[in-house]
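Peer 1: Questions regarding the structure given below will be posed in turn.
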Amino acid sequence: MPRGRRHTLYALVTLALIALGALAALIGEIMLGHEPDPAMVRVVLIGGLALGAGALIGLAVLVHRHFRHLERLRGCVVTMAGDPDAVPPRFQFSNETELASFWESLGDLAGRYAAWRARPDMRLRAVLGAVSEPIVVVTDSGQVSLVNGPARSLLGGERVKVGTSVFAALVRRPVIRAIRRARMQGAPLSTELRMVEGLRVQTRVTPLVEHGGAVLSFVAEAVETSAQELEDDLELHDRPPAAEAPDRDTRLDSLPATVIDTETTGLDVKEARIVSVGGIRVHGEQLYRAAMMDRLVRPEVPIPPHSTAVHGITDDMVIDAPAAPTVIAELRRLAGGTVWIGHNIGFDIEVVRRECERNGIDWTPPYALDTLLLSAAAMPDHDDFRLEKLADLFGIEVQGRHTALGDVLVTAQLYQRLLPMLRDLGITTLGGAIELQERRAEIRAAQRREGY
């Protein structure tokens, strides 16, 4: 508590004690059998009660504000304890210099811890960056999880990036066949692969038996590159556990879920058609970017200009895209048997339900968790629950806002940040989280008025 506020606190305590002392003296006079002057009694009673009440109210306000800030600071600690990659939420501790200093110290500690955790990765990057042999690591589906500078020079830096498909540079069938043969023989395989433009390149294929995928090392002339050209995200090899149908007693720390977002032709759920779907699997607090989808959808109706202005998707972009039934089938393969999570997820569920209804597809409503409602319930003193504002509050990097995949990635990280806050509130099961999000009745009422 700042010095000026402490002085105010001491003054209020003093005034309250003076008022109590005056009242005690008056009571003592009466108990000793003295009959005080009625005018003095009125003055002491009115003045003492007013002074005491005012002082106590002031004390209550100061203490309440201070403990509100302490509670917010505790939320910072809870969030950081639940996610080693989290930074302290960006709360403003106005006129609370000690708490603000402590909050800044938490941020420094988080930064130092992140740097300490990154040291082994930095060393590995330095070693791999010094290798002159072109190397690409791919998942079972051909998604690039690591590529060094020589490989980018050989295969094309714009075609082979982390998260993209290696089949943008290499012909698919020989790669799949080589990985399968190497895995069957349990040893590296030397073979010849073909680039999409026809160039053949000698390749050593080493299967990653435990993690899935393979290391592709190419025989090519040495190319001068720097370690900074190495790109990697080896978490792309992680696969979520098989989803078991959840119920309300399923614990949040083992909850199979899929974070989902749709972009549509409009905001009226009765008329909106899907133009894009994004999804990513989550299990407990773990995100699995290897289990992800990002698909354009042909809506069969024109996309209004005002909708294009929001998500950037035009009629020309979706001419050759699959129709809704095809993409919904893919969404079901990704999200089947899981809880649907999203920011204002009721809207997305309703537009998917209506697309199923239009196309004669069976529909079973999934369990759903709304990060908007959960945020509002977990942080009742906060007043802005827009996704970008919450991302800024929790230090989540926003990329591709108002695209389905961009919103999915932000929402998934927001859900990660919320889980430790829910645990701190005693919410540990799916049923508890559903009950918690229903507490913000005014937000739910507004959602229902919109039709979802």
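Peer 1: Hey, can you tell me all the residues within segment 277-287 that are closer than 14 Å to residue 239 by Cα and buried (at least 19 other Cβ atoms within 10 Å of the Cβ)?
Peer 2: Step one: list which residues in segment 277-287 are closer than 14 Å to residue 239 by Cα, which gives 280-287.
Of everything in segment 277-287, those that are closer than 14 Å to residue 239 by Cα and buried (at least 19 other Cβ atoms within 10 Å of the Cβ) turn out to be 280, 281, 282, 283, 287.
Peer 1: If you scan segment 129-176, which residues turn out to be assigned to a loop (DSSP other than H, G, I, E, B), under 20 Å from residue 219 (Cβ atoms) and not aliphatic (A, V, I, L, M)? Break it down stepwise before answering.
Peer 2: Looking only at segment 129-176, we keep the residues that are assigned to a loop (DSSP other than H, G, I, E, B), and these are 130-134, 139-142, 148, 156-164, 169, 171.
Those left that are additionally under 20 Å from residue 219 (Cβ atoms): 130-134, 148, 156-157, 159-160, 169, 171.
Hits for segment 129-176 are 132, 133, 134, 148, 156, 157, 159.
Peer 1: Right, next: Considering each of 409, 405, 393, 419 in turn, give the residue that is within 14 Å of residue 372 (Cα to Cα), in the same structural domain as residue 290 (by TED's automatic domain parsing) and either at pLDDT below 90 or among the charged types (D, E, K, R) (or both). Full working, then the answer.
Peer 2: Numbers: 409 fails: within 14 Å of residue 372 (Cα to Cα); 405 fails: within 14 Å of residue 372 (Cα to Cα); 419 fails: either at pLDDT below 90 or among the charged types (D, E, K, R) (or both).
From the options 409, 405, 393, 419, the qualifying one is 393.
Peer 1: Residue 355 fails exactly one of the following numbered conditions: (1) among the charged types (D, E, K, R); (2) touching a residue at least 12 places away in the same chain (Cβ under 8 Å); (3) in a helix (DSSP H, G or I); (4) out of contact with any strand residue (DSSP E or B) (no Cβ under 7 Å at 6 or more places or on another chain). What is the number of that condition?
Peer 2: (4)
Peer 1: I've got another one for you. Could you tell me whether segment 183-202 includes any residue that is among the acidic types (Asp, Glu), part of a strand (DSSP E or B) and surrounded by fewer than 18 Cβ atoms within 10 Å (Cβ to Cβ)?
Peer 2: Yes.
Peer 1: List the number of the failed condition for residue 360; all other conditions in (1) surrounded by 15 or more Cβ atoms within 10 Å (Cβ to Cβ); (2) more than 24 Å from residue 242 (Cα to Cα) hold.
Peer 2: (1)
The values are calculated or read from the model by the stated rules, or taken from the named source; none is laboratory data. Computed from a prediction, not measured in an experiment: that's the story for all the values here. Methodologically, a virtual Cβ is constructed for each residue, glycine included, from the backbone with ideal geometry; neighbour enumeration extends over all protein chains shown.
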